[in-house]
1. Which residues, taken from the stretch 94-116, are surrounded by 17 or more Cβ atoms within 10 Å (Cβ to Cβ) and more than 12 Å from the chain's Cα centre (by Cα)?
2. Looking only at residues that are charged (D, E, K, R) and assigned to a helix (DSSP H, G or I) in the stretch 40-72, which one is surrounded by the most Cβ atoms within 10 Å (Cβ to Cβ)?
3. Taking interchain pairs and intrachain pairs at least six residues apart, which have beta carbon atoms under 7 angstrom, with the first residue in the stretch 50-75 and closer than 20 Å to G34 by Cα and the second among the basic types (K, R) and in a loop (DSSP other than H, G, I, E, B)?
4. Condition test on R31, is it in a loop (DSSP other than H, G, I, E, B) and under 17 Å from Y113 (Cα atoms)?
5. Within the set of pairs 6 or more residues apart or between chains, which connect a residue that is without any contact (Cβ under 8 Å) to a residue 40 or more places away in the chain and under 14 Å from W87 (Cα atoms) inside the stretch 9-29 to a residue that is surrounded by fewer than 12 Cβ atoms within 10 Å (Cβ to Cβ) and not hydroxyl-bearing (S, T, Y) with Cβ atoms less than 7 Å apart?
6. Taking A119 as the residue in question, decide whether it is surrounded by fewer than 19 Cβ atoms within 10 Å (Cβ to Cβ) and part of a helix (DSSP H, G or I).
7. Can you tell me which of (1) within 13 Å of L112 (Cα to Cα); (2) over 14 Å from the mean Cα position of the chain (by Cα); (3) assigned to a loop (DSSP other than H, G, I, E, B) is the one F20 doesn't meet?
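Nothing in this text is a laboratory measurement; each read-out follows from the coordinates by a stated rule. Bear in mind that the values here come from a model prediction, so they are computed numbers and not experimental data. So basically every Cβ, Gly included, is an ideal-geometry build from the backbone, and we count neighbours across all protein chains shown.
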Amino acid sequence: MRELDEVFAELSKSPFRRRFRLHGKELEYLRRKGLAVVLEHAADFIQKRLAPAEPLNDGRQTPMRNHPVFVAQHATATCCRGCLQKWHGIPKGQALSADEKRYVLSVLEKWLYEQERAARE
């Protein structure tokens, strides 16, 4: 796992990752439900879609929209095990540890918080 500032600096160089922003119904959902509730959803998505050693449909398991966490996962390269390995140094082929799950959640929290803050400005 990498330092968050280092990861976000690298992600900011990727045209694909940079294009993701919260707006419309995803931003409204985050505002209405609040960050704490959305992070509960994120923890559930991590457990079900990323934590297994070989997730079902890995590489295609995360939709591109319709929930702020899905957008955040693509923006932060926490959408599949391949991206977790490439961008975050979390190896494929083994179930995520409790520390790795907390790390992924912290990545998503940082991105969602920044999106919410930017929308207020």
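1. Once the filter is applied, which keeps residues that are surrounded by 17 or more Cβ atoms within 10 Å (Cβ to Cβ) and more than 12 Å from the chain's Cα centre (by Cα), the stretch 94-116 yields L96, E100, Q115, E116.
2. Taking the stretch 40-72 and keeping what is charged (D, E, K, R), we get 40, 44, 48-49, 54, 58, 60, 65.
Keeping just the survivors that are assigned to a helix (DSSP H, G or I) gives 40, 44, 48-49.
Working: E40: 14, D44: 11, K48: 12, R49: 19.
Among those residues, the one meeting the criterion is R49.
3. Filtered contacts from the stretch 50-75: V71/R65.
4. Working: in a loop (DSSP other than H, G, I, E, B): no; under 17 Å from Y113 (Cα atoms): yes.
No: the conditions fail for R31.
5. S12/R18
6. Working: surrounded by fewer than 19 Cβ atoms within 10 Å (Cβ to Cβ): yes; part of a helix (DSSP H, G or I): yes.
In short, yes.
7. Unmet for F20, out of (1) within 13 Å of L112 (Cα to Cα); (2) over 14 Å from the mean Cα position of the chain (by Cα); (3) assigned to a loop (DSSP other than H, G, I, E, B): (2).
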